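S.K.: Pasting in a structure now, in structure tokens, and then I'll have a few things to ask.
The values are calculated or read from the model by the stated rules, or taken from the named source; none is laboratory data. Everything quoted here is computed from the prediction, not taken from an experiment. We work out accessible area using only protein heavy atoms, side chains counted, and drop any ligands, DNA or RNA first. Shrake-Rupley method; radii C 1.70, N 1.55, O 1.52, S 1.80 Å.
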Amino acid sequence: MIRPELAEKLRPWTETLSALVVTAFGIWVISRGGWIYGPIGTLIGTVSAVWALDARRRMRFRSHATAPGLVELDEGAIRYLSPDRLLGGEIALRDLSEIRLMRLNGRLYWRLKSLDGQALLIPVDASGTELLASAFAALPDFDLGRVSAALATEGPAIQTLWRRQGHTRLT
């Protein structure tokens, strides 16, 4: 029915497209008019439009897993399992003090720094990195839109995307 190449290209957009279809449904409900359909359609349209925006931003975290290793999110901890035992590790979200996006040797990495100064490097294109979007969104004052924009453009070699308030030690 749909060509496999087209289906493969549309697969990353399924959640965003689903949200847009629900938004269109909300607009259709609004068009029915009246005291009941108007507010219900507005609610449906607003919630699904926010869902579409969030889905689009989280899309940037999804990538074709070309880097070695696996990212896991388990009980409030981000774990990177790497075939190179020097790169792997774990950091709890409550201990996270800083998130940077770094470009090393042409590859993007997340650099997660803990309160005690330890750092964890995770390739952006490692398997399971889409889990980081929901983990990062739980952090106070985290701006998913800023991160999405940083992933979309080729910016500076090192970008600090989030820093825990009250944490002033820089390294």
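S.K.: Report, in deg cm²/dmol and to the nearest 500, the calculated mean residue ellipticity at 222 nm for the chain, where each DSSP H run with n ≥ 4 adds -39500 (n - 2.57) and the sum is divided by the residue count.
M.R.: -12500 deg cm²/dmol
S.K.: List the residues, sorted by chain then number, that are 5 or more residues from Ala126 or on another chain and whose placed amide H is less than 5 Å from its amide H.
M.R.: Those qualifying (amide H under 5 Å, at least 5 residues apart or on another chain) are Ala67.
S.K.: May I pose another question? Kindly give the semi-axes, whole Å and largest first, of the ellipsoid equivalent to the stretch 67-171, taking each as the square root of 5 times a Cα gyration tensor eigenvalue.
M.R.: 18, 17, 14
S.K.: Let me ask something additional. Share of the chain's accessible area from carbon and sulfur, percent, 1.4 Å? Display every interim value, and only then the final one.
M.R.: Numbers: 6230 of 10460 Å².
It is 60 percent, rounded to a whole number.
S.K.: With helices defined as uninterrupted DSSP H runs, which ones in the chain have an alpha carbon span along their own long axis of at least 24 Å and mean Kyte-Doolittle hydropathy of at least -1.0?
M.R.: Answer set is 14-31, 34-59.
S.K.: Can you give the convex hull volume of the alpha carbon atoms of the stretch 5-65 per residue, in Å³?
M.R.: Values: hull volume 3.5 nm³, N = 61.
Hull volume normalised by residue count: 57 Å³.
S.K.: Once the cut-off is 23 Å, how many percent of the Cα-Cα pairs in the stretch 1-107 end up in the long-distance tail? The partial results should precede the final answer.
M.R.: Values: 3134 of 5671 pairs.
Roughly 55 percent, once rounded to a whole number.
S.K.: Now, a different point. How large is the accessible surface per residue of the chain, computed with a 1.4 Å probe and reported in Å² as a whole number? Mind showing how you got there, number by number?
M.R.: Values: 10460 Å² over 171 residues.
About 61 Å² of surface per residue is accessible.
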